[in-house]
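Only one structure is covered here, and it is reproduced in the block below.
The values are calculated or read from the model by the stated rules, or taken from the named source; none is laboratory data. Treat the numbers as computed from the prediction; the structure is a model and nothing was measured. Glycine also receives a Cβ, built like all others from the backbone with ideal geometry; neighbour counts cover every protein chain displayed.
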Amino acid sequence: MSLLIKGGRVVDPMSGTDEILDIFIRGEKILKIGKGITFSAKKIIDATDSIVIPGLIDMHTHLRDPGREDEETIRSGTLAAARGGFTTICCMPNTSPVIDDISLVRYILRKAEKEGVVEVLPIASISKNEDGETLSEMGKLRREGAVSFSDDGKWVRNAHLMRRALEYVKMLNLPLISHCENEDLSKNGVINEGIFSTILGLPGIPKEAEEVAVFRDICLTRLANSSLHIAHISTVSSLNLVREARKRGIKVSCEVTPHHFTLSEELVRSFDTNTKINPPLRGKDDVKALREGLKDGSIEVIATDHAPHTPEEKELDYALAPFGIIGLETALGLVIKELVKPEILTLSQGIAKLTVNPARILNLDRGRIREEGLANLAIFNLNEEWEVKKEDFLSLSKNSPFVGWSLPGKVKWTIFKGKVAYRS
Ligand SMILES: [Zn+2]
């Protein structure tokens, strides 16, 4: 199979490329990048007026397989990913059962190979069954294909265990991914603690629940001389702790979700359970700080924390509904609308946070456009607006606070290993 992508504006943050070029693909790889390529190809995509970028990488996706295939399967999750321009998604291990064993890593990889339309890379749990007591067999899990480790959904409360885990991942040359939340402080909370939790009479989650966890994990990373990646950072002080640590040479990176750099806490007044997220939507000052963190490079990664839930679950009372929203299909649009259009980030900087940066952190040979490299690409129109509609989601779940929004950056094609994974 050969494919020629003609006349697109190729934006590759890794090489700094930003010009009109053709891309010729044979099999799974890019054979040639250049102007006016005339090779004959089985299929030609006219990318005039479109932007061609490396296939996006999400380092924080929740697929619900195994255990809750009514919320999301590997098939539906990868279809949603492809619609969003993603060609690689890293799935979190808090499924049922938890991905803490090589047989489960194999299960994910095999199923993704068979049913998935893009690549799925499993993140295995730090502790067995995410119990926070016994370390998983990290070396074996890594050899089997786990790309990192996290007890996402929970914080590793036991500092000794966390220290050991950090020492292990250092040997494996990987960062540990931490869901920073001290549950003694966040317990029973459903929204950010502050004026709105008081007015609405809903139990609050103080920012400090995140910040004390970030602080401890940075201390342990220094002690182990290891590297740490903080998932879904959400407060000014957490970000300042990361900045301080990096200044002192501690290897800490962090990610922000599109909803945390877009939405703030007053939305919870709607009692729409699609505003119930963990960590919760924070104050306007936090949103502003997160945008500054993206701009100054303190936040290197944008990750979706795609968290599918069925309508039945999300239709419960606010206090009872589960945390989380889907994000794969709206991420690129929100990056362009909220960050690129207002000139907080250049297009290349925005794309870097969804491609080469997560690839570098996870040591993946992905996220760039180069000859001989895998033909993983997304093609989108920067200015074409599209309306987010429930019925258009390819995710099995529809829990998004962005339904009804108009977003720029419509994805036209997603190419995974030289094959069309999505076409609008
Ligand atoms: Zn998490």
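Among the residues of region 1-35, those that are in contact with a helix residue (DSSP H, G or I) (Cβ under 7 Å, 6 or more places away or on another chain) and part of a strand (DSSP E or B) comprise 11, 18. Contact map, region 275-294: residues that are among the polar types (S, T, N, Q) paired with residues that are more than 16 Å from the ligand (Cβ to nearest atom) and assigned to a helix (DSSP H, G or I), Cβ distance under 9 Å, separation 6+ or inter-chain. Pairs shown: 275/265; 275/267; 275/268; 275/269. Somewhere in region 55-76, is a residue in contact with a Leu (Cβ under 7 Å, 6 or more places away or on another chain) and part of a helix (DSSP H, G or I)? The answer is yes, given that some residue of region 55-76 is in contact with a Leu (Cβ under 7 Å, 6 or more places away or on another chain) and part of a helix (DSSP H, G or I). Within the option set 351, 325, being in the same structural domain as residue 203 (by TED's automatic domain parsing), under 20 Å from residue 421 (Cβ atoms), under 17 Å from the mean Cα position of the chain (by Cα) and buried (at least 24 other Cβ atoms within 10 Å of the Cβ) holds for one residue only, 351.
When residues in region 79-97 are screened for being within 14 Å of the ligand (Cβ to nearest atom) and not aliphatic (A, V, I, L, M), 5 of them pass.
Which residue, of 66, 54, is surrounded by fewer than 23 Cβ atoms within 10 Å (Cβ to Cβ), away from the ligand (no atom under 16 Å from the Cβ) and under 28 Å from the mean Cα position of the chain (by Cα)?
Details: 54 fails: surrounded by fewer than 23 Cβ atoms within 10 Å (Cβ to Cβ).
So the residue among 66, 54 that is surrounded by fewer than 23 Cβ atoms within 10 Å (Cβ to Cβ), away from the ligand (no atom under 16 Å from the Cβ) and under 28 Å from the mean Cα position of the chain (by Cα) is 66.
It is to be established whether one or more residues within region 126-147 are away from the ligand (no atom under 16 Å from the Cβ), under 19 Å from residue 232 (Cβ atoms) and in contact with a Leu (Cβ under 6 Å, 6 or more places away or on another chain).
Looking only at region 126-147, we keep the residues that are away from the ligand (no atom under 16 Å from the Cβ), and these are 128-129, 131, 133-147.
Filter once more, keeping what is under 19 Å from residue 232 (Cβ atoms): 147.
The next check asks that each one be in contact with a Leu (Cβ under 6 Å, 6 or more places away or on another chain); those that pass are 147.
Yes, region 126-147 contains a residue that is away from the ligand (no atom under 16 Å from the Cβ), under 19 Å from residue 232 (Cβ atoms) and in contact with a Leu (Cβ under 6 Å, 6 or more places away or on another chain).
Checked against the criterion of being more than 16 Å from the ligand (Cβ to nearest atom), in a helix (DSSP H, G or I), in contact with a strand residue (DSSP E or B) (Cβ under 6 Å, 6 or more places away or on another chain) and touching a residue at least 24 places away in the same chain (Cβ under 8 Å), region 166-177 has at least one qualifying residue.
Residues checked against (1) under 18 Å from residue 79 (Cβ atoms); (2) among the acidic types (Asp, Glu); (3) surrounded by fewer than 19 Cβ atoms within 10 Å (Cβ to Cβ):
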{"position": "363", "(1), (2), (3)": "no, no, yes"}
{"position": "387", "(1), (2), (3)": "no, yes, yes"}
{"position": "396", "(1), (2), (3)": "yes, no, no"}
{"position": "409", "(1), (2), (3)": "no, no, no"}
{"position": "424", "(1), (2), (3)": "yes, no, yes"}
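Residues in region 306-322 that are part of a loop (DSSP other than H, G, I, E, B) and surrounded by fewer than 18 Cβ atoms within 10 Å (Cβ to Cβ): 310, 315, 316, 317, 318, 319, 320, 322. Every condition in (1) of a type outside the set (A, V, I, L, M, F, W, C); (2) assigned to a helix (DSSP H, G or I); (3) outside the structural domain of residue 172 (by TED's automatic domain parsing) is met by residue 368 except one, and the failing one is (2). On the given criteria, is residue 211 more than 24 Å from residue 403 (Cβ to Cβ) and in contact with a strand residue (DSSP E or B) (Cβ under 8 Å, 6 or more places away or on another chain)? When the stated conditions are applied, residue 211 does not pass them. Residues that are part of a strand (DSSP E or B) and among the basic types (Lys, Arg) within region 383-424 comprise 410, 412, 419, 423, listed in sequence order. When restricted to residues that are assigned to a loop (DSSP other than H, G, I, E, B) and either within 16 Å of the ligand (Cβ to nearest atom) or crowded, with 19+ Cβ neighbours inside 10 Å (or both), region 288-305 contains 6.
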